[in-house]
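Here is the structure we will look at, set down as structure tokens.
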Amino acid sequence: MIEVNDHLVEVRNLSVDFHTRDGTVPAVQDVSWYVNRGETLAILGESGSGKSVSSSALMGLIDMPPGRITSGEVLYRGENLLNATPERQREINGSKIAMVFQDTLAAFNPVYQIGWQVAETLRSHGVPKKVADVKALELLERVGIPNASGRFFDYPHQFSGGQRQRIMIAMAIALNPDLLIADEPTTALDVTVQAKILRLLKELQRERGMGLLLITHDLGIVAGIADRVAIMQGGKIVETGTVRQVFETPQHPYTHRLFDAVPGRRVVSETARTLVEQPLLIVQDLSKEYLSPARLFSRGATAAPVLALNKVSFKLERGETLGIVGESGSGKSTLARTLIGLETATGGGASYRGHDLLNRTPAGLNQVRRQIQMVFQDPTASLNPRMSVREIISEPWAIHDDVVPRNKWDTRVRDLLEQVGLQRDHADRYPHQFSGGQRQRIAIARALALQPEIIIFDEAVSSLDVSVQAQVIELLKSLKDDYNLSYLFIAHDLPVVRSFADRVLVMHRGAIVEQGTSREIFNNPKHDYTRELLQSDPALNVHAAI
Amino acid sequence: MNTYIVNRMVYSAISMVGLIILVFFLARLTGNPAELYLPVDATPELRAAFSQVNGLDQPVLVQFWRFLVTLLHLDFGNSLRLERPALQLVLTAFPTTLILAFSAMALALVVAIVAGALAACAPNGILDRLVNVVSLSSASLPNFWLALVSILVFAVWLKWVPTSGTGTLAHWILPIMVLFARPCGLLAQVVRGSMIDALSSAYVKTARSKGVRSRSIIFVHALRNAMLPVITVAGDQMSGMINGAVVVEVIFGFPGIGKLMMDSIQYRDFAVIQCGVIITAAAIFLMNVLIDFAYVALNPRIRFK
Amino acid sequence: MENVTSTTVPVRKTERTSLRQSLDLLWRDKFAVAAVLFLIIVVLAALLGPYLFGQQSNRINLLTRNAAPSFAHGWAFVLGADALGRPILLRLFVGAQNTIILAVSAVILSMIVGTALGFVAGYRNDWLGNVILRVADVLMSFPSLLLALIVLYVLTPGIANVILVLAITRVPIYLRTARAEVLEVRERTFVTAADIMGASTWRLVWRHIRPAVMPTLVTIATLEIAFVMLAESSLSFLGLGIQAPQFTWGAMVAQGQSYLGTAWWVAFWPGVAITLTAMSLNLLANWVRLVSDPVQRWRLEAKEPSHD
């Protein structure tokens, strides 16, 4: 009615510096965007692109120092919030503009009940306590918390990640804000849960006519729910427009790269294979039960055992890439840990070239350890930060001292670095001097050092930005041919394995629900769960949109 | 009953037994405990008689069993010096030490929480630097020296309070202040550190995004979380309070457990020393259990595992 | 393959040499600078004091009995003299040696024993680890001074026994910390990675776990020197420390106690020396903790030199 031509929220030419140990670095430079009522803007960027900075400025959440706003305006209904008093900013936060965070376990106060925390938003803006409690309960019911009145007095850690995200949304919409900011709201969640949360957000937006600002790294989510998109790289907006415009005619080279990197865009991998040899790895009815640890003086009978692996059977052929897909708790990582000897199986068997993998003699163990290597999810954690790259890659040779003679270590380390796409002189550096993708290359070089036959990748590309993910997968493909390797490739989403795996196993609650060639799984899924997984995947939106 | 609490109580009980074993074998370390229990000028005949009566010629395990049985009857033997049951002496002295320690600890907690929380609100600000320097220096003061200097200044020069002894309320002021200084400094440092952590946490950011008032952010959101490490440290400090009490009671002539122990050491009154050690340990274990309860009450993550 | 490296983030420039960087950072915290300077003086006194002033500090002089602080009797008497007319300043220099040796040896001893036990308890998280932990609990929850009193009563107070007692009472600190850190570090992925490569237990502990745990323990040891020094001076004050003619600062305070009303300086100055040394160690440890914590570190770096 008023301010017809004005946007609900507008950021104009915002620049923010941050003070870091490498000196002052610009976090965002000259960033401008706006959101209108009822509209959804997505800010898309990879880690370190500065995508969250402008929304933090909008809510006065930038800590100064180390942050410093050097120029620009942040307007809410024409009012520049950068000049607002702390009290004015507080009035706006939570009632006019509200925010949903990514890591909900950290974002809730661990020592207060969730009902209290939801009602606090209302109480902070003048709603009497009794009214606020009633309203909070309604909100919890609205966002779909089962038995909301019974769980009103529970603490954050007693809820699942998806439920916590729903509660966080309830807390944010309590006062019908004009703008809801969702900062990577679904990143830590399984794809099926993620789809439900996004649906809820969309629904609430329609119901209440809020503007929605979605901050994400996922093109699929953008395609699924945004009206307009701003793409950020290195603290700048490189491209902006309606989702349709940007997806149909991307202008900036970075946008092109992002689209190319979306997993699963290429044809389904298909390798016709004539089986001449024995399978490398045979897993038969492998089972793993966890008994809940018997505590001193625990009440009643011991809880029922948890089946982490339920009669899992498969074969890995020589030269094959076998994808294992499942959500958290599906048992896919337990499978890898059992095969490599970090967990003990409670039933079934597994053998590598006829050697029993589960009951190994020390000598046999040594042999197997050479032939089966593993690359982990988080390369920052899997490389010892106090060892140089040379020490990291040559460590396998120090353990198995008959593989490479000590005087050849240096040359071999440099060769390996080159083979994984790094430079020969990187050998003297330390892990923290590399980016995430580069660190994962170092981890791959270490896995190659013993010239194994099988490499197990446990979510090895999951923590990488999409563009980097695509490069690492390309590297894995070429290494596989060069070294005649076989891969067990564990992932939580299907698209990643689509163009990479020859065959795919889908795991759910410890059991394999479906296995087949990639073509079978992707084009003609048989099991309901596989279908749900495929449909929930936001990357599908991209394929649909392009 | 909460498993955490039960486990902690079982551990405390095991530790208590461990301490009793330790005391027993320390006493046997000199070879013949008769040396410890009897006065220095005791005749060889007396020593032999003592050994026989107390079964010191028996195997060590038998001796240990006897020791345990007498403990269970709360029989710690008699004081050589005062010729009264050791337990009676210790229990008479104990309340003085308890009052000293509790008043000093309560005062230290209150001052540390207020000062530490205020300092953490503006890290590197003037108040923060002041709190930091003052708390570091008070944690670095040797309490026996602080006691002497405060007697010199407040009792000898200014004559505001008596130098030593008990009786009036004024007698308690200096001992409590001396005992208070060190734990207060240490606790203020812990409060400040954990408050800074809490204030930079994600849940504080959430609270700010909800429009929660800053007073409520500091005292409701941050402080409750920051209290958890503070409680743990305060628990460890309790045994430090007894250390301080020994020194303070000796200097101010306070008839507490510390003074009793020092006197007993001077007169080689081993029964009293042994009794004092075990009773003090029991009190501290009890204290630790209380602290565990407080910790669980403040931390729902342990309460609902 | 070739364009792969060009698209990833460039490798960061080599950092400034770490020593240079540390000195730069130190300079920005003036309290830490003062602490370091004071500690250097104390260490020099501890090393050279007895050789330079050993004789002079023990010379009994009835003319200067309980002389008040002044320049009247020469520079050695600026802080006054004790009941036997010995210069307090020189006695502080000489006493520094015993004070520091006792504190540092006790800290080193307890650190070695505590760390070793902590590693065992943390790495073997089984019954043995539990037994070790319970023993630590016994020591920890019991007033260290009382424990020291009994032990020194049963044994005799000599330099070795004092060090032993102080060390035993402080072992649990390292034990608990080392155990907690080892428990955490051994679950990190890089240790798992080395484990499945076939690394021996010794290699896992020495090459991977130890380097990650040591910085914390060294910081604690710095703080502990202050704590042990205070504990030792309490023992000396109560007459259970090392015995005359050897003396520490704590014993000097005890000597001055009887002259408190007439010659306050005899007890006063040694206490100042103890306080300043303990405080310098605390400041230094605080500073180290600040520098090694990336979250807090910018507070130092952000400060412009002109700011102070």
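Read-outs: derived from the displayed coordinates by stated rules, not from any lab. Note that the structure is predicted; figures quoted are calculated from it, not measured. Glycine also receives a Cβ, built like all others from the backbone with ideal geometry; neighbour counts cover every protein chain displayed.
Observations on the model:
- FRET efficiency for B:VAL133 and A:GLN278, using Cβ-Cβ distance with R0 set to 56 Å, rounded to 0.05: 0.15
- Shielding by partners for peptide B:15-22, expressed as the average number of C-beta atoms from other protein chains within 10 Å of each residue's C-beta, is 5.
- Amide H contacts for A:PHE500 (H built 1.01 Å from N in the peptide plane; partners 5 or more residues away or on another chain; cut-off under 5 Å): A:SER269.
- B:ASP57 versus B:ASN7: modelled label distance in nm, points set 7 Å from Cα along the beta carbon direction: 5.0
- Estimated FRET transfer efficiency (A:ASP481, A:VAL403; beta-carbon r; R0 30 Å; 0.05): 0.85
- In terms of distances greater than 24 angstrom between alpha carbons, the cross-link table entries A:LYS51/B:LYS205; A:LYS288/A:LYS315; A:LYS332/A:LYS477; A:LYS311/A:LYS332; A:LYS51/A:LYS477 yield A:LYS51/A:LYS477.
- Listed residues C:LEU284, C:LEU92, C:LEU47, most fluctuating in chain C (Gaussian network, C-alpha, under 10 Å): C:LEU47
- For chain B, size of Cβ-based charge dipole, Lys and Arg +1, Asp and Glu -1, in debye: 1600
- Set of lysines with alpha-carbon distance to B:LYS259 below 30 Å, sequence-local pairs under 8 removed: B:LYS159
- Descending by average beta-carbon neighbour count within 10 Å, the peptides C:166-173, A:35-42 line up as C:166-173, A:35-42, the highest first.
- What the phi angles of segment A:107-114 give under the Karplus curve with 6.51, -1.76 and 1.60, with θ = phi - 60°, is a coupling list of 7, 8, 6, x, 9, 10, 5, 5 Hz, glycine and proline written as x.
- Reachable aspartates and glutamates, given that their alpha-carbon falls under 13 Å from the alpha-carbon of A:LYS480 and they are not under 8 places away in the same chain: A:GLU320, A:GLU453, A:ASP502
- Label zone of B:LEU82 (point 7 Å out along Cα→Cβ, amide N under 16 Å): in segment B:230-266 this covers B:249-250, B:253-266.
- Each residue of segment A:128-135 is assigned a 3J(HN,Hα), and the resulting list reads x, 4, 4, 4, 4, 5, 4, 5 Hz, derived from the Karplus form 6.51 cos²θ - 1.76 cosθ + 1.60 (θ = phi - 60°), x at Gly and Pro.
- Legend: mean number of C-beta atoms from other chains within 10 angstrom of residue C-beta atoms, peptide B:198-206, equals 6.
- Modelled spin-label separation between A:MET64 and B:ARG47, with each label point placed 7 Å from Cα along the Cα-to-Cβ direction: 8.2 nm.
- Using the average count of surrounding beta-carbon atoms within 10 Å as a protection proxy, the listed peptides B:129-138, A:130-139, C:101-110 rank, highest first, as C:101-110, B:129-138, A:130-139.
- Label sites at A:GLN371 and A:ARG12, each approximated as a point 7 angstrom past Cα along Cα to Cβ, lie 7.0 nm apart.
- Under the Karplus curve 6.51 cos²θ - 1.76 cosθ + 1.60, θ = phi - 60°, whole-Hz ³J(HN,Hα) for segment C:101-115, x wherever Gly or Pro sits: 4, 4, 5, 5, 5, 4, 5, 4, 4, 5, 5, 5, 5, x, 5
- Computed E for C:TRP75/B:SER164 - FRET, C-beta separation, R0 51 angstrom, nearest 0.05: 0.90
- Around the amide H of A:ILE181, modelled in the peptide plane, lie the amide H atoms of A:ALA98, A:MET99, A:VAL100, A:LEU213, all under 5 Å away and 5 or more residues distant in sequence or on another chain.
- Partner aspartates and glutamates whose Cα lies under 14 Å from the Cα of A:LYS196, excluding those fewer than 8 positions away in the same chain, are identified as A:GLU532, A:ASP537.
- Look at the stretch A:151-163: the mean tally of other chain Cβ atoms within 10 Å of its residues' Cβ atoms is 1.
- Sequence ranges A:114-120, C:232-238, ranked by mean other-Cβ count within 10 angstrom, highest first: C:232-238, A:114-120
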